[in-house]
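Student: Have a look at this one before I ask anything.
The values are calculated or read from the model by the stated rules, or taken from the named source; none is laboratory data. It should be emphasised that the depicted structure is a prediction, and the values quoted were computed from it without experimental measurement. Here the Cβ positions follow ideal geometry from the backbone for every residue, glycine too, while neighbour counts run over all protein chains shown.
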There are 2 protein chains.
Amino acid sequence: MTDQTAKTKIVIIDDHPMMRDGLTMRILSQSDLDVCGQAATQDEAIELVKDSNPDLVLIDISLKSGNGIELVKRIRLLNTTTKMLIVSAFQESLYAERALRAGALGYLNKQETNEKLIEAIRTVLRGETFVSPDTTQRLVAQVLGKKPLANDPLAVLTDRELEIFRLIGAGFSTSAIAHQLFVSTHTVDTHRENLKKKLGVKSGAELNLKAIHSMLESG
Amino acid sequence: MTDQTAKTKIVIIDDHPMMRDGLTMRILSQSDLDVCGQAATQDEAIELVKDSNPDLVLIDISLKSGNGIELVKRIRLLNTTTKMLIVSAFQESLYAERALRAGALGYLNKQETNEKLIEAIRTVLRGETFVSPDTTQRLVAQVLGKKPLANDPLAVLTDRELEIFRLIGAGFSTSAIAHQLFVSTHTVDTHRENLKKKLGVKSGAELNLKAIHSMLESG
DNA sequence: GTTCTGCATGGCGAAATACACCATTTGCAT
DNA sequence: ATGCAAATGGTGTATTTCGCCATGCAGAAC
């Protein structure tokens with residue numbers, strides 16, 4: 001078959017029809033790319049991938065039925081060579097990390113231009129990793145904070161740090177935590193500092209956000 | 001002028017380029033509708049509306065610079081006959097009510113099909129009110145429940161308070177919010193106080209917790 | 001045994017933030 | 001007009017943050 005007939009096959013998973021249309025339009029503007037299917041839910045997505053065996057799956061991270069990251073894991077289990085690119089409205093590097101660890105090759109913010117979309121798609125198709133620039137910054141900060149991405153970013157934390165991280169996630173203030181652990185607020189403060197360095201966040205508010213999010217995932 | 005030359009003029013305000021493309025594509029599929037402009041921020045939107053005097057403005061409710069509802073109010077102040085249709089990723093009738101009170105004629109969920117999009121546009125252009133079916137249900141349930149906006153504690157919040165609540169939920173610190181909204185930290189501070197009173201929480205940490213949780217339910 | 005390293009602890013001072021109370025302005029409704 | 005709600009932001013005090021540094025205490029390395 002010639003290049004004419006063998007376009008790259010892409011499927012789009014997003015629960016907003018209007019967003020699917022936007023993505024589709026930009027992709028179809030490239031002569032060598034083709035959108036061979038769309039779906040709004042995880043189950044539809046799995047069927048679609050099985051049936052059409054696409055080169056790339058574009059996945060919105062905030063799918064209502066489960067979430068996009070869970071879908072990434074399920075697709076990986078299908079044992080295909082299909083590449084995956086996550087599209088997200090969140091800037092947090094938290095999700096980028098999880099998406100990449102789950103098996104996606106790329107993480108793109110919805111705020112990015114359409115040129116970036118195409119760039120991300122082509123990068124991922126080559127088998128390389130793509131992450132939106134501002135999200136990359138946060139990831140880099142994380143790496144500089146200590147070590148190369150391990151299995152779990154929380155793994156780098158000491159027991160005491162993790163304990164405090166969980167208390168933050170439960171909504172306790174610094175003074176409340178200090179009182180609870182019978183240590184001074186200075187101590188909790190220092191731990192908060194170290195947590196921020198290790199987790200690559202720059203403000204206390206972000207640390208709170210990350211801690212609370214992390215609580216919701218693990219119960 | 002004939003129908004050929006006098007297409008209905010529509011502008012699109014959304015900070016996701018990909019979403020703008022999707023909306024544009026569907027609108028242009030209608031022979032009598034034309035997209036005469038796009039913008040990502042409030043200020044750009046105001047300029048665009050002044051310059052092109054469109055028949056309809058399509059507004060994403062979750063604009064980063066301020067929010068969609070504030071933009072609706074600002075456009076209404078321009079004293080044009082321009083109709084406004086809010087597009088939202090949130091299903092809460094909470095936002096629909098605010099949007100309509102602010103001066104929008106329609107409220108459409110992003111989960112709706114593209115057929116609904118066109119239907120909503122045409123309804124609003126006729127000067128009638130359009131609200132997405134499932135959101136309508138919630139609105140009706142509210143009215144039947146006698147008390148306006150009964151069980152949702154967020155209902156007692158003003159538009160501004162809700163906006164700040166959402167920014168807190170997104171992980172922004174007080175100063176970051178102040179900078180983003182171009183107001184003093186004192187103002188944000190006062191809003192935080194009022195939020196705590198209205199939501200019945202006693203510490204700032206709890207407010208953060210509540211805001212972040214609330215984001216994850218509806219974001 | 002000494003040295004090195006990692007962890008928990010916490011003190012210090014400047015800057016930022018929270019907190020409670022209050023004043024002004026604007027818009028809206030009666 | 002009068003009254004009310006909303007948004008803005010100022011004041012003063014208390015608390016927290018933030019970066020830096022110091023101590024004590026383990027266990028591992030030499």
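Student: For residues in region B:184-204 being in a loop (DSSP other than H, G, I, E, B) and more than 7 Å from DNA strand C (Cβ to nearest atom), which is nearest to the chain's Cα centre (by Cα)?
Tutor: My answer is B:SER184.
Student: Does B:LYS198 satisfy the criteria of being within 9 Å of another protein chain (Cβ to nearest Cβ), closer than 14 Å to B:LEU162 by Cβ and surrounded by 15 or more Cβ atoms within 10 Å (Cβ to Cβ)?
Tutor: When the stated conditions are applied, B:LYS198 does not pass them.
Student: If I ask for residues that are in contact (Cβ under 8 Å) with a residue 24 or more places away in the chain and either in the same structural domain as B:SER62 (by TED's automatic domain parsing) or aromatic (Phe, Trp, Tyr) (or both), which ones from region B:165-214 would you list?
Tutor: B:PHE165
Student: Please list, ordered by residue number, the helices (runs of 4 or more DSSP H) wholly in region A:30-126 having 2 or more residues that are in contact (Cβ under 8 Å) with a residue 40 or more places away in the chain. Walk me through it before giving the result.
Tutor: Values: elements: A:42-52, A:68-76, A:93-102, A:114-125.
Correct list: A:68-76, A:93-102, A:114-125.
Student: Oh, and also: Quick check on this structure: which one of B:LEU181, B:LEU149, B:LEU167, B:LEU207 is at pLDDT below 75 and either aliphatic (A, V, I, L, M) or within 10 Å of DNA strand C (Cβ to nearest atom) (or both)?
Tutor: After applying the criteria, what remains is B:LEU149.
Student: Moving on. So, A:HIS186, is that one at pLDDT 85 or above, more than 15 Å from B:ALA205 (Cβ to Cβ) and more than 8 Å from DNA strand D (Cβ to nearest atom) or not?
Tutor: So A:HIS186 does not fit the description; no.
Student: Quick check on A:LYS73: is it at pLDDT 85 or above, in contact with a Cys (Cβ under 9 Å, 6 or more places away or on another chain) and of a type in the set (Lys, Arg)?
Tutor: no
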